[in-house]
Structures are given as C-alpha cells and as structure tokens.
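Let me begin by presenting the structure, written as structure tokens, before commenting on it.
The values are calculated or read from the model by the stated rules, or taken from the named source; none is laboratory data. Just so we're clear, the structure is a prediction, and the values are computed from it rather than from any experiment. Because the Cβ atoms are built from the backbone with ideal geometry, glycine has one as well, and the counts that use them run over all protein chains shown. When the accessible area is computed, the model is the full protein with side chains, heavy atoms only, and any ligands, DNA or RNA have been set aside. Shrake-Rupley method; radii C 1.70, N 1.55, O 1.52, S 1.80 Å.
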Amino acid sequence: MDARCIVFDLIFAAIGGYGLGSIPFGLVLTRAAGLGDIRAIGSGNIGATNVLRTGRKGLALATLLLDGGKGAIAAIAALLLLGPDAMLVAGFAAVLGHNFPVWLGFKGGKGVATTLGTLMACSWPAGVACCVTWLVIAGLFRISSLSALVALAASPLYAWYFAGPETAVMAAGLAVLGFIRHHANIKRLLKGEEPRIGKKKTGAV
C-alpha cells in the first residue's frame, strides 16, 4: 500500500470516528425520557456523571455504556476495515467528536467514558486496568472527576505495558485532552469544592 492510500485510510478513519463519537447520547436519552435538556442542569455536561444528577441511574448507566461503546465501535471498525494504525486514529477521533460535537456547536462532554471505551478496544487489559483504577478511586473518594483524572494519568503507562508505544502515545494524547477538559474540575478539587458522585446540582459548576 502506497503512502497516499495510507493517508487516505487514516483520514477516513478520523472522519468516521469523529462522526460516531459526536453522537450526544446523554442529551438524546434525557430528552427522550422527558427530562429536557441535560445541558441546563448541573455542570451542563452531556456525559453520564451529569445525567446521574437527574436521579435517573438507569439513564446514567445507559449513557455511560453508549458513550464508551461509540469509542470502542469506532476503533474496532477501523481495525477491521483499515488496520491497527487506523484503529488508533479512529478511537482518538471518537473522543474528539464527543468532546467537540459539530451538532452542539463544538460544546460536548469530557470524554472519559469514550476514552475508556477506546482503550478497551485498542487494548482490553489496559482498558480494564483504567476502569479498575476509576472504580477504586471512586470508591475511596466518591468524586467522579478525581477518579477520571487518576485513570487518565495512568492510562499511558497501562497502554505501554500491555500494548506498546503506539497505543501509549494515543492514550497520552487522550489523557492530555481529558485534563484540559477537566480544568474547571481541577480548580474545584484544589479548593475542596468538587461535588461527590450522586449529588444533584442545580447551578452550573
């Protein structure tokens, strides 16, 4: 395969991954359930943590699984159709699509579930390790953002150990993106003001 075909495949993978990742499942599910616009409550985020603030645990779980699933599906489809390099590109693009969906004026979620789904598809041991890390930190501190940040920080190490440098580079990029998206959470964590899991918020945070 010549260089032009490789570039075309990677571009195709990026476009497909972004398109799939940009589906705002949290917004779709809460509207379908008659809860209005999820962006009007809590953090204004379209992800599972903010959906949980509606008190609907089932919707939050569905959002978590669908957001993670779209990252996994994007990566797996690219792998099957175009190869391992395209898998990494499509997975990364899916997270970008979730975080910056064109349909919502590029104002989306923070990409944690989609990142975990992508990692599960690219290297399931690394993905499982990240999920376990998230669960342990969540169990200890009951703070979703802290759990996410620790899991994201550890993800390149897990990816390097289980899958090698290419996957680790992708994981590192997703970790940097995740930390950028969590900048407001980091400020609140440093101030001791970050809400705990399951706590409803009525104002933007």
* Using θ = phi - 60° and the Karplus form 6.51 cos²θ - 1.76 cosθ + 1.60, what ³J(HN,Hα) does each residue of the range 56-68 get, whole Hz, x for Gly and Pro? -> 9, 5, x, 5, 5, 5, 4, 4, 4, 5, 5, 5, x
* Structure fact -> Pseudo-spin-label distance LEU140 to ALA32, built 7 Å along Cα→Cβ, given in nm, is 3.7
* Structure fact -> With -39,500 (n - 2.57) per DSSP H segment of 4 or more residues and division by the full residue count of the chain, the 222 nm estimate, nearest 500 deg cm²/dmol, is -23500 deg cm²/dmol
* Skip the ligands, DNA and RNA, and give the accessible area per residue of the chain with a 1.4 Å probe, whole Å². => 50
* Give me the percent of the accessible area of the range 13-70 that comes from carbon and sulfur atoms, probe 1.4 Å, all protein chains in place. => 69
* Asked: For the chain, what is the relative contact order in percent, using Cα pairs closer than 8 Å and at least 6 residues apart in sequence?
  -> 22
* Asked: Relative contact order for the range 92-205: what is it in percent, counting Cα pairs under 8 Å that are at least 6 residues apart?
  -> 21
